[in-house]
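Visitor: Pasting a structure below so you can have a look.
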Amino acid sequence: MNNTLTEITEKLNHGQKLKHSEFVTLLKSNNSELRENLSKKADQVRRLHFDNNVYIRGLIEFTNYCKNDCYYCGIRKSNKNASRYRLTKDDILECCQNGYKLGFRTFVLQGGEDPYYNDDMLEDIIFSIRNSYSDCAITLSIGERSFNSYKRLFDAGADRYLLREETADNSHYKMLHPDEMSYDNRMECLNNLKSIGYQVGCGFMVGSPKQTAENIANDLMFIQEFRPHMVGIGPYITHVDTPFSTESNGTLEETLLIISILRLIEPKLLLPATTSLGTIHPLGREMGIKAGANVIMPNLSPTNVRKKYMLYDNKICTGDESAECVRCVNTKMASIGYNVVTDRGDSPLI
Ligand code: SAH
């Protein structure tokens, strides 16, 4: 490794903030020794704070209706080939019941931006989960809403919110989204969520169309400043029914590198090895954990809707029962010496 790279990694290893240009140098370096060093260091740092524990979150994909038209996403409103579904409150509670028995202590309600679920309905769903499962965390991942809506859902019992910024660069944001959507609003939503008191997760797709190393460096700079509790990153994967159907996918290597960098930027971060990482490589999630991730989000959605929540092509875990997914994740983690725990897994940063 050359002197500049060694200096930058030293800074990262000592918890010093990096400059935009330093992130760009790391991202562009393509140096396998550097990647290995960062991965090893990231694993050590994670063990310091989380031992070899891996937290699981039960993902309930409760609607694939969406009013947005993001160019990369398979459930965008213009995709007429998507077969749409909505889960009822009872369906959702059944997923939670099933998940609780399997050891989940966090439920993540994720969906497209579907106005059918207004604040009253969501409040009612959240209240019911909160009352039945007082020892569980409730995470929402339902896109952009008003400050008041976020506040009501928080007061109803939601603890956490995942809202990826997708890209922390205004001009890149415009390349990924139609004009009706706004970068400023997304950022404002993230700030609102934090000020209300949610544990907040942001994040982005690695290798999304037109993304440059400079763009990713912007995301990393944003994360250094914003100090989220969680960061979700995974490779971009094309979906055949989107305007980006002929673009190329993000890579395993780049995603792993960024996971390690994130772990070193914020040692106490909750960092999932995502389903998309498991989709581009059969051992992607294991490699993600070894590179510094500490969360896995197995699917708790009813089996009959899973193939319909197709954000990208060939998404894994769409055929199995939830119990099967949990067994599979437990085995995978044990095979690399990590331990899936039954725990809410709250952020140590709160
Ligand atoms: N409507 C919610 C949930 C979106 S789905 C919201 O706006 O937050 C969750 C995440 O899946 C998105 O934030 C996006 O980063 C990711 N995603 C969507 N399409 C994808 C694709 N083609 N490849 C990889 N990830 C994708």
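Visitor: Could you list, in sequence order, all residues of segment 1-30 that are surrounded by 14 or more Cβ atoms within 10 Å (Cβ to Cβ) and of a type in the set (S, T, N, Q)?
Guide: If the condition is that a residue be surrounded by 14 or more Cβ atoms within 10 Å (Cβ to Cβ) and of a type in the set (S, T, N, Q), then T9, N13, T25, S29 are the ones that fit.
Visitor: So S146 ticks every box in (1) within 16 Å of the ligand (Cβ to nearest atom); (2) touching a residue at least 24 places away in the same chain (Cβ under 8 Å); (3) open to solvent by 50 Å² or more (accessible area, probe 1.4 Å); (4) of a type in the set (S, T, Y) but one. Which box is left unticked?
Guide: So S146 meets the others, but not (2).
Visitor: Also: Got at least one residue in segment 184-193 being touching a Cys at 6+ places or on another chain (Cβ under 7 Å), without any contact (Cβ under 8 Å) to a residue 60 or more places away in the chain, under 30 Å from R46 (Cα atoms) and surrounded by fewer than 24 Cβ atoms within 10 Å (Cβ to Cβ)?
Guide: Among the residues of segment 184-193, at least one is touching a Cys at 6+ places or on another chain (Cβ under 7 Å), without any contact (Cβ under 8 Å) to a residue 60 or more places away in the chain, under 30 Å from R46 (Cα atoms) and surrounded by fewer than 24 Cβ atoms within 10 Å (Cβ to Cβ), which makes the answer yes.
Visitor: Next question, about the same structure. Provide a single number: the residues in segment 171-180 that are open to solvent by less than 30 Å² (accessible area, probe 1.4 Å) and either under 13 Å from G143 (Cα atoms) or not in a loop (DSSP other than H, G, I, E, B) (or both).
Guide: 3
Visitor: Name the one entry in L269, L311 that is open to solvent by 40 Å² or more (accessible area, probe 1.4 Å), within 18 Å of the chain's Cα centre (by Cα), modelled with pLDDT of 95 or more and under 20 Å from L163 (Cβ atoms).
Guide: Step by step, each of L269, L311 is checked, and only L311 is open to solvent by 40 Å² or more (accessible area, probe 1.4 Å), within 18 Å of the chain's Cα centre (by Cα), modelled with pLDDT of 95 or more and under 20 Å from L163 (Cβ atoms).
Visitor: Something else: Does segment 78-113 hold any residues that are closer than 16 Å to A158 by Cα and open to solvent by 20 Å² or more (accessible area, probe 1.4 Å), and which are they?
Guide: Those that are closer than 16 Å to A158 by Cα and open to solvent by 20 Å² or more (accessible area, probe 1.4 Å): K89, L93, R105, Q110.
Visitor: Do we find a residue being open to solvent by less than 20 Å² (accessible area, probe 1.4 Å), within 25 Å of N30 (Cβ to Cβ) and either in contact with an Asp or Glu (Cβ under 7 Å, 6 or more places away or on another chain) or of a type in the set (D, E) (or both) anywhere in segment 217-232?
Guide: yes
Visitor: Also, I was wondering about something else. With respect to the numbered conditions (1) modelled with pLDDT of 95 or more; (2) open to solvent by less than 20 Å² (accessible area, probe 1.4 Å); (3) closer than 23 Å to R285 by Cα, which one is the sole condition not fulfilled by T63?
Guide: Among (1) modelled with pLDDT of 95 or more; (2) open to solvent by less than 20 Å² (accessible area, probe 1.4 Å); (3) closer than 23 Å to R285 by Cα, T63 violates only (3).
Visitor: Where the second residue is part of a loop (DSSP other than H, G, I, E, B) and more than 16 Å from the ligand (Cβ to nearest atom) and the first is at positive phi and lies in segment 98-122, which pairs have Cβ atoms under 6 Å and are six or more apart or on separate chains?
Guide: Partner pairs satisfying both residue conditions: G103/T342.
Visitor: Return the pair list, or none, for Cβ contacts closer than 7 Å from residues in segment 8-19 that are within 10 Å of Q224 (Cα to Cα) to residues that are open to solvent by less than 100 Å² (accessible area, probe 1.4 Å), at least 6 apart or on different chains.
Guide: If the second residue must be open to solvent by less than 100 Å² (accessible area, probe 1.4 Å), the pairs left are K17/Q224; L18/I8; L18/K11; L18/L12.
Visitor: Also, I was wondering about something else. Residues to consider are E254, E286; find the one that is acidic (D, E) and either more than 16 Å from the ligand (Cβ to nearest atom) or part of a loop (DSSP other than H, G, I, E, B) (or both).
Guide: On inspection, the qualifying residue turns out to be E286.
Visitor: Would you mention how many residues in segment 40-50 are farther than 15 Å from L269 by Cβ and surrounded by 19 or more Cβ atoms within 10 Å (Cβ to Cβ)?
Guide: Selection size over segment 40-50: 0.
Visitor: Only one of N52, N31 is in contact with a Phe, Trp or Tyr (Cβ under 6 Å, 6 or more places away or on another chain), within 30 Å of T6 (Cβ to Cβ) and touching a residue at least 24 places away in the same chain (Cβ under 8 Å); which?
Guide: Matching residue, one of N52, N31: N52.
Visitor: Another question, then. Condition first: outside any helix (DSSP H, G or I) and at pLDDT 95 or above. Now tell me which residues in segment 17-54 satisfy that.
Guide: Correct list: K17, L18, K19, D51, N52, N53, V54.
Visitor: Got a number for residues in segment 120-141 being within 16 Å of the ligand (Cβ to nearest atom) and open to solvent by 10 Å² or more (accessible area, probe 1.4 Å)?
Guide: Selection size over segment 120-141: 1.
Visitor: For residues that are touching a residue at least 40 places away in the same chain (Cβ under 8 Å) and of a type in the set (S, T, Y), scanning just segment 149-170, find the one that is surrounded by the fewest Cβ atoms within 10 Å (Cβ to Cβ).
Guide: The residue in question is Y150.
The values are calculated or read from the model by the stated rules, or taken from the named source; none is laboratory data. Remember, it's a predicted structure, so these values are computed and weren't measured experimentally. Backbone-built Cβ (ideal geometry, glycine too); neighbour counts: all protein chains shown. Keep in mind that these areas ignore ligands, DNA and RNA; they rest on the heavy atoms of the full protein, side chains included. Shrake-Rupley method; radii C 1.70, N 1.55, O 1.52, S 1.80 Å.
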